[in-house]
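A quick write-up on the structure given underneath.
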Amino acid sequence: MSATDWYAHKSLGDGMYWIQERFYESENRANIWLLRGSHQDVVIDTGLGLKSLPDYITSKGLLGDDPQRKNPLLAIATHAHFDHSGGLHQFQQVGVHSAEVEALVNGDNFETATWLSDREIVQAPTPGWRARHYKVHAVQPTHILQEGDVINLGDRQLTVLHMPGHSRGSICLHDGDRKLLFSGDVVYDGAMIDWLPYSRVSDYVSSCERIVGLVDSEQVDQVLPGHYNTFGAKRLHRIATSYISRAGTCPAKFSTFAWKTLAGVVLRASNPRSAC
């Protein structure tokens, strides 16, 4: 199967594209966002990396057909989990928050929460492919991101917002001029996960409180999340406040503890060496 078959995309206008992996049918299938800038192009999250994302972007002409256009292409992971970071090794420029650099450098498939089954891949990317052989490849980030960093695309800027909780290096990217929030797995329109290795509920609550502040101060109109569909500010506010109110309850605490324990055991068993 070629890269052009594996992926599909939709243009959102204003130099933005929404890319997905067609044959990865799972709630873990991550959204991939491509932004064209006047001086820098950015890919936000990279999926599993089973086929070449750069080849797809090039073959579909998503960066334009001007042979004189030589913008660098930077791939940023909103966090290190496998469904977002698996394709990072395909890019020359890679960005991730400093808290998760080590996990990527070491190919730590425990911290990347690598868990993939054959049934989720409905058409094999290569003959004889099996999920048990899948690992996140080690990669050396070229851009180590911190809170407040600004990624300058020329005609647009993305501000890094460190929002831990789902993972310790989770970030959102905020386009303040357009009031867009690329939220990764910090918030999306589904059940928020706070029970993976290096998840921390207290951090997640603080991040959601910060999200509420962004909405209240009218800094976000649209959310482009790590999973599922885009949504607006009112829905963002509702999701964040619901998590805050639920997180402190006894049933939620017990459920998080139970799932975190189970997830740790399963991931250790499936990734015993914690490296590829």
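The values are calculated or read from the model by the stated rules, or taken from the named source; none is laboratory data. Owing to the predicted nature of the structure, the values given are computational and were not obtained by experimental measurement. All Cβ positions, glycine included, derive from the backbone under ideal geometry; neighbour counts span all protein chains shown. The accessibility values were calculated without ligands, DNA or RNA, using every heavy atom of the protein model including side chains. Shrake-Rupley method; radii C 1.70, N 1.55, O 1.52, S 1.80 Å.
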Could you tell me how far the Cα centroid of region 1-24 sits from the Cα centroid of region 85-107, in Å?
21 Å
Give me the distance in nm between label points sitting 7 Å out from Cα along the Cα-to-Cβ direction at Gln20 and Ala124, one decimal.
2.5 nm
For the chain, which longest stretch is free of loop sites, where a loop site is one of the GluC sites (Glu not before Pro) that DSSP puts outside H, G, I, E and B and that has at most 13 other Cβ atoms within 10 Å?
28-146
For the chain, what ratio Rg/Rh do Cα atoms give with a Kirkwood hydrodynamic radius?
0.95
Once you order the gyration tensor axes a ≥ b ≥ c over the Cα atoms, which shape class does region 117-223 get: rounded for a/c under 1.5, otherwise prolate or oblate by comparing a/b with b/c?
prolate
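Carbon and sulfur atoms: what percent of the 1.4 Å accessible area of region 21-108 do they account for?
Carbon and sulfur together cover 40 percent of it.
Rounded if a/c is under 1.5, else prolate if a/b beats b/c, else oblate: with a ≥ b ≥ c from the C-alpha gyration tensor eigenvalues square-rooted, which is region 1-109? Don't skip to the end; give the middle numbers.
Details: a/c = 1.83, a/b = 1.27, b/c = 1.45.
Judged from the Cα gyration tensor, region 1-109 comes out oblate (a/c at least 1.5, b/c at or above a/b).
What number comes out for accessible area per residue over region 15-174 if the probe is 1.4 Å? Units Å², please. If you can, show how the numbers build up before the last one.
Values: 6240 Å² over 160 residues.
Spelled out: the 1.4 Å probe surface of region 15-174, per residue, equals 39 Å².
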Of all DSSP beta bridges having both residues in region 34-189, the percent classed as antiparallel (nearest 5) is 55 percent
